[in-house]
Amino acid sequence: MTERTDADLIAAARKAREQALAPYSHFKVGAALLTASGEVFTGCNVESASYGLTICAERVAVFKAISEGAREFIKIAIVADTDQLTPPCGACRQVLWEFCGDVPVLLANLRGAVASCSMRDLYPRPFDQRYV
Ligand code: THU
C-alpha cells in the first residue's frame, strides 16, 4: 500500500478543487477522502441552476467512494480559497459522520495553511443509525 501523507491528501483535494463547477457562488471546494486500503477518492462542488440541488465537494467524494465499493475511511482533506479555513457544512457533517465516523478532517487553503480537527469536534451530538 502506498503511504499517503497529509500533504498528499491535501494536494489531491486541491487538484479536485480545480474541477469545481461553481458558476453561481464562484466558491470552489475540493475534497479528498482516504480509505483504509490507501485509495483516495476526490470530489469537487457541483452547482445547479436550481441552487438547492448543488452538492458539496465532501459529499461528492463520499458518494463516489461508496459507489465504488469503498466502506472504510480514515481521513478527509478539504481545500478552499479562504483565509479562515473552510469547514464542512452541516449536511456534509451528517454524511461524513454516517459514512466515515470520527475521522480526522484536514482543512487547508491555497496558501499552505492547514488545520486538523475531528468529526467528533465538528459534529458533537450526531444523529445516526443508533436512533433509527
Ligand atoms: N461548499 C462545499 O463544496 N463544501 C463546503 O464545505 C462548503 C460549501 C460549496 C457549496 C456551494 O457550491 C459553494 O461551496 C458555496 O456554498
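List of remarks:
- A 1.4 Å probe run over the chain, with the rest of the protein chains in place, finds 55 Å² accessible per residue.
- Sequence of Leu33, Leu21, Leu110 when ordered by accessible area, the most exposed leading, probe 1.4 angstrom: Leu21, Leu110, Leu33
- Apportionment of accessible area to carbon and sulfur, the chain, percent (1.4 Å): 53 percent
- Among Val29, Val60, Val95, the residue with the largest mean-square fluctuation in a Gaussian network model of the chain, with springs joining Cα atoms closer than 10 Å, is Val95.
- Charges were assigned to the Cβ only: +1 to each Lys and Arg, -1 to each Asp and Glu. The resulting dipole of the range 1-87 about its Cα centre is roughly 140 debye.
- Inter-label distance for Ala115 and Glu98, nm, one decimal - labels placed 7 Å from Cα along Cα-to-Cβ: 2.7 nm
- FRET efficiency, 1/(1 + (r/R0)^6) with R0 30 Å, evaluated for Ala91 and Ala49 via beta carbons: 0.95
- Taking every alpha-carbon pair within the range 6-131, the share separated by more than 18 Å comes to 47 percent.
- Farthest toward the positive end of the dipole of the range 2-56, out of Thr54, Ala7, Phe41, is the Cα of Thr54, where the dipole comes from beta carbon charges about the Cα centre.
- With a simple spin-label model that places each label point 7 Å from the Cα along the Cα-to-Cβ direction, the separation between Glu3 and Arg125 comes to 4.1 nm.
- Rounded accessible area of Asp8 (nearest 10 Å², 1.4 Å probe): 70 Å²
- DSSP-defined antiparallel bridges as percent of all bridges, the chain, nearest 5: 80 percent
The values are calculated or read from the model by the stated rules, or taken from the named source; none is laboratory data. This one's a predicted model, so the numbers in the text were calculated from it and none came from an experiment. As a convention, Cβ positions derive from the backbone with ideal geometry for all residues, glycine included, and neighbour counts pool all protein chains shown. For the accessible areas, the whole protein counts, side chains as well, though only heavy atoms, and no ligand, DNA or RNA atoms are used. Shrake-Rupley method; radii C 1.70, N 1.55, O 1.52, S 1.80 Å.
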